[in-house]
Amino acid sequence: MANNHDYNTPEQGAQDWHVPLNDNFDQLDVDVELRDVAEERESYEPKDGAKFLETDTGIVYEGDGSSWNPILAMGTFDEDGTLQLDGFEGAVNITSVTFDTDDMTRSVGNGARAIHHGAVVFADSTNTKFLSKGPDEVRSQMPIYAPAFNTTSARAAKTAIEPVDPESALAGVESLEINSWTFKNADTGRHIGPMAEDFQESFDLDGDDGSIATVDADGVAFAAIQGLAARVEDHRDQQAAEEDRIEALEAENQTLRDRLTSLEERLASLEGRHKPSTKADD
């Protein structure tokens, strides 16, 4: 037996070679993958740990001592490059495909299809096909729930850093049409937000027209808040300047009122001095 397998080798001169050999045959049933068409799978004993490959579907099953359970599906590609995993509807629904470059893809779910190098795709329980759209990406057909999503944002991880004009970001947000809507193929309730196409056009980013990266949405929100804060500060400065102008005008008006009062008093005094006497001459 090969050195890298734990098989029993009868000792020289042993009389009971059949015992270790039978043990070896039992081990071979687990170590060596069984291969046959799908309709013949139940004719094989599902020994615990044994593997069975359906040659017509590419699905791999593992025995648990009483039944065969799907654990892996080796995909095949048709002429247009679409990954085919027909018949794989087991409880686990994990698919794995090895490309020529030995890059691995992972697909989970009934309609999941990872057709690009290094892609990972999570699909729901429906039969709707959900495909990867590029290499080295993760896509999910389902909502994802987690305590927090930590976006890589360290300065050391970035390059080609350029400043953003907060006023332009605010203007872009103001120009967006914000709507409430529901997804066509997912019952996740109503949502609110802009359309991805409008978002990409407003901010000239490199994302696709079908999605909005959360890091971009957060960045736009931060920049727009700064733009709004700058507007508020400008308004406060203008208001303060206006209040100072009004205060100066009021002081000037008070001075003019005081001068007018003084002039009126002087005029009254002059009129009193030059008022003709009405006493009759003796």
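Every number here is computed from the coordinates shown, using simple stated rules; none is lab data. The structure displayed is predicted, hence computed values, not measured ones. All Cβ positions, glycine included, derive from the backbone under ideal geometry; neighbour counts span all protein chains shown.
Results, tabulated for the structure shown:
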| item | result |
| --- | --- |
| Estimated distance in nm for a label pair at LEU249 and TYR44, the labels positioned 7 Å out from Cα along Cα-to-Cβ | 9.4 nm |
| Extension gain (nm, one decimal) between SER211 and SER125, 0.36 nm per residue minus Cα-Cα | 28.7 nm |
| 19 Å cut-off, amide nitrogen to a point 7 angstrom out along GLN238 Cα→Cβ, residues in segment 147-178 | 166-172, 174-175 |
| For VAL173, VAL215, VAL232, order by how many other beta-carbon atoms lie within 10 Å, fewest first | VAL232, VAL215, VAL173 |
| Stretch gain in nm, segment ARG190-ARG257, where the contour uses 0.36 nm per residue and the Cα spacing is subtracted | 17.6 nm |
| Principal axis dimensions, largest first and in whole angstrom, of segment 146-213 by Cα | 40, 32, 20 |
| Virtual spin-label span in nm between TRP181 and PHE149, 7 Å along Cα→Cβ | 1.7 nm |
| Residues LYS158, LYS51, LYS184 arranged by fewest to most Cβ contacts within 10 Å | LYS184, LYS158, LYS51 |
| Fewest-first ranking of ILE225, ILE115, using other Cβ atoms within 10 Å as the exposure measure | ILE225, ILE115 |
| Cut-off under 5 Å, modelled amide H: who pairs with ARG106 long-range | ALA119, VAL120, VAL121 |
| Alpha carbon convex hull of segment 150-282, projected area averaged over orientations, nm² | 18.1 nm² |
